[in-house]
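Here the structure comes first, spelled out in structure tokens, and everything after it is commentary.
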Amino acid sequence: MKSLRFLSAFLLILISACSEISNSSTVLKSKFSLDLRKSESSFKYNPRKTITREMINASTTPLVLVEILNSDYIATIQSAPFPALADVWLTKDGKSLTTKDGVLVATRGFNYDLMGADVAALKAALTKAQTSKQPIFYDRSYRYLVKDNQDEIITVNCELSSAGKSPVKIFDKIYATTLLSETCQNKVVQFENKFWVQKNGLIRKSMQWHGINLEMILIERVI
């Protein structure tokens, strides 16, 4: 059944690529809902090679590309069709990422899920850092659910600074952004998050730490 499912998805991609632009909204609903692990399929699915800028320009549905950098997971994910206090990005099989203004705050359905993150200090720093010449220091925390339904909270000391102008290219379109680098650590972990931020404050691209299992997640805001 799995092979038939993935074969059907593959045929859908080939047919869609030849469709007229007038049918783009239908094509996009099918194409953007694909959520495949390359190791589970008979072909290497890569949305960067499948989705075109022409298709993106024909859609208004919010969309992100998500890649877990220490695994083969890559997917394009649409925003959930229900109101929420933050942006919920929902995959076809029920996995989800939640972001607040582009900052990762939670996941569901992945290994060692992030139950919640305190991002208020980071969000304030991201706004200030675009015009500040000095690093900004603060603490923030990540919360996970472990054995016996107990919370595990990881608190880190962070420093955010600007690396200057750094344009990014996403699906053949170049965006003017400023690169902001966040280094965080405690006695156990150390990591660096990167945020490519547009002048209007939109985080167009980011590399964010999820936790000790998944580590870094790449998020690109496509639409």
Looking only at helices (runs of 4 or more DSSP H) that fall completely inside the stretch 1-113, which ones have 2 or more residues that are modelled with pLDDT under 85? 2-17, 24-31
Scanning for something open to solvent by less than 20 Å² (accessible area, probe 1.4 Å), β-branched (Val, Ile, Thr), assigned to a loop (DSSP other than H, G, I, E, B) and within 23 Å of SER71 (Cβ to Cβ), does the stretch 193-210 turn up at least one residue? no
What residue, among those in the stretch 167-192 that are in contact with a helix residue (DSSP H, G or I) (Cβ under 8 Å, 6 or more places away or on another chain) and acidic (Asp, Glu), is most open to solvent (accessible area, probe 1.4 Å)? ASP172
Cβ pairs under 9 Å, 6+ apart, first in the stretch 84-107 and over 20 Å from LYS205 (Cβ atoms) and touching a residue at least 40 places away in the same chain (Cβ under 8 Å), second open to solvent by 70 Å² or more (accessible area, probe 1.4 Å) and part of a strand (DSSP E or B): LYS95/ARG108
Go through (1) under 22 Å from VAL64 (Cβ atoms); (2) at pLDDT below 95 for PHE171 and report which single condition fails. (2)
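The values are calculated or read from the model by the stated rules, or taken from the named source; none is laboratory data. Not measured: the values here are computed from a predicted model. Neighbour counts run over all protein chains shown; Cβ positions are idealised from the backbone, glycine included. When the accessible area is computed, the model is the full protein with side chains, heavy atoms only, and any ligands, DNA or RNA have been set aside. Shrake-Rupley method; radii C 1.70, N 1.55, O 1.52, S 1.80 Å.
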